[in-house]
């Protein structure tokens, strides 16, 4: 599976590779050094001497398959009871390592934002003081210096220092793969009945996930050993507690690295506290004010000690995800006999991962890692985890009419009325699905990605038809007491990812039914009328809820439901 490449030689690659650049940024922060020391990112043509392919060639990926099947049988006694006669029982086991096919979507994503050919450069995303912000002089007048200049043509091309928000891919990306494991025992019984129990496992490695390689670093103060996240969390916690500025004690990180914040009778820590309190819980905006805008002062290293001057956010496809799925599956099946066939399936499972996304939600195939410096914060049940799944269907030709067990000798009008009926019921049911409480339009850890809210107390979901609202009109709510539930969550602190998938909302379920009537017109001519109903019982299943720390009046309120009952009618002539 060689990497996708552009045939006309207009593909680019970054120098250094974003994997190397990220390692540089992490190393500088760990040594207590400024991000100004990171190599500037520039782009060259991929087919040049310095260029590289979109991602490495993978010629040695090993994908073995192994399977075993055994069919025991017993002649008498207990062995015959357990295994039946010859060919009645099957024991199977298998293992396979499977690689994902990637390339074209990544190439499209990269080409849409890579610097050099169709690049849109906008004014830097940042915080400016009222003293330095451009003044309005006219509707068609663009203030001088507000927009960056057009980049020069040709390559190499250095990414300008415009604090840009964009995306890319990791040039060291490896092929994602899964290890699929299964073990099953199946037993056939009389009259076409078959029962099978299975273990099914799927272990994913190197899964694609988005991570922001330009995320502000967890800079270490080498004098005290304190990190940025630790120091910022101390400010945030005191703000949440309503601590007066005068009561805020000195914190080494701020005193050692941001001494210029001191003034007007305040320590550096107290000034930082006021700035972070003003922006709370949008803590990265507070960091931008002192680290980029240097208002009222930068760190001892100057601007961009934690952020990067070229990028404020660089969301990058990387093969850093992983997950595990383990399930017990049961199947009861009846082969078509006596005009009846049916299938019943039950799955008890658990799926966990670092990042994921449901296909129904947005159609993507990767999730987001909030804090790239501590990615294990996001390890939780997958977005699509369903502990219990049940599905069943049956096709039953009613045993009534000519040639059947009931009214077998019927002809004419009697057979036309009572014969030829077929019923096909289906049912799907899922236990509750995971979801997270949002953190609102706040960016605690990453400049571009909002976290989930923090769960700070136990809470139980209990879908209630007429729950009282915190304020305003009540109604269907995920919680019996929304006011108590709301107090169980808070905004995430700097360096946190929030609590992922801690709640469960009702899963989808529906009973569907198809009813058909067949008329024999001639020897090889038949007419069939069919009525199909989806969500036969017209059951209301709430599948969307207002869950955000910033929306207290509507917290927990139901916002959407699954589709109501729908019916279809069809007429078919067969000859």
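Read-outs throughout are calculated quantities, based only on the coordinates presented, and are distinct from any laboratory measurement. Computed from a prediction, not measured in an experiment: that's the story for all the values here. FYI the Cβ positions are ideal-geometry reconstructions off the backbone, even for glycines, and counts take in every protein chain you see.
A few remarks follow.
- Potential extension, residue 120-residue 139 segment - 0.36 nm per residue separation minus Cα distance: 4.6 nm
- With q set to 0.19, 0.22 Å⁻¹, the log10 of I(q)/I(0) for the range 264-384, from the Debye formula over equal scatterers at the Cα positions, is -1.08, -1.21.
- Remark: spin-label model distance residue 559-residue 7 equals 4.5 nm, labels positioned 7 Å along the Cα→Cβ axis.
- Residue 408 paired with residue 294, simple spin-label distance in nm, labels 7 Å along Cα-to-beta-carbon: 9.9
- Tilt relative to the chain, helix 268-279 - C-alpha long axis, 0 to 90 degrees, to 10: 40
- On Cα atoms only, tilt of 228-240 relative to the major axis of the chain in degrees: 80
- Label point distance in nm, residue 392-residue 19, each placed 7 Å from Cα along Cα→Cβ: 5.1
- Using only the C-alpha atoms, the convex hull of the range 426-484 corresponds to 151 Å³ per residue.
- FRET efficiency for the residue 47 to residue 376 pair, using the beta carbon distance and R₀ = 35 Å, is estimated at 0.35.
- The gain in end-to-end length when the residue 422 to residue 343 segment is fully stretched comes to 26.8 nm, 0.36 nm per residue minus the alpha carbon separation.
- Inter-centroid distance (Cα atoms) of the range 305-341 relative to the range 488-532, Å: 19
- Whole-Å distance, taken between Cα centres, linking the range 215-239 and the range 52-73: 45
- Cα-Cα P(r), the range 303-345, percent of pairs per 5 Å interval: 5, 12, 10, 8, 8, 7, 6, 6, 7, 6, 6, 6, 5, 4, 2, 1, 0
- Globularity ratio of the chain, using Cα Rg and 2.2 N^0.38 Å: 1.28
- log10 of Debye I(q)/I(0), alpha-carbon scatterers only, for the range 174-256 at 0.12, 0.18 Å⁻¹: -0.67, -0.90
- For peptides 261-267, 214-220, 271-277, 73-79, sequence by mean Cβ density within 10 Å, most packed first: 214-220, 271-277, 261-267, 73-79
- The protection proxy used here, the mean number of other Cβ atoms lying within 10 Å of each residue, ranks peptides 313-324, 534-545 as follows, highest first: 313-324, 534-545.
- The chain - share of DSSP beta bridges that are antiparallel (%, nearest 5): 90
- Cubic angstrom per residue, convex hull over Cα atoms of the range 228-305: 76
- Convex hull volume per residue in cubic angstrom - Cα atoms of the range 495-575: 131
- Evaluating kT/(6 pi eta Rh) at 20 °C and 1.002 mPa s, with the Kirkwood radius of the range 9-102 over Cα pairs in the Stokes-Einstein relation, gives 112 µm² s⁻¹.
- Sites residue 91 and residue 519, calculated FRET efficiency, Cβ-Cβ separation with R0 60 Å, nearest 0.05: 0.80
- Residue separation of residue 462 and residue 76 scaled by 0.36 nm, minus their Cα-Cα distance, works out to 133.6 nm of gained length.
- Kirkwood Rh, angstrom, the range 398-574 [1 / mean 1/r, Cα pairs]: 20.2
- Entry note, the range 398-574: relative contact order of 23 percent, from Cα contacts under 8 Å with a spacing of 6+ residues.
- Distance between the range 537-571 and the range 372-442 - C-alpha centres, whole angstrom: 19
- Using the Cβ-Cβ distance between residue 569 and residue 147 with R0 set to 51 Å, the FRET efficiency works out to roughly 0.25.
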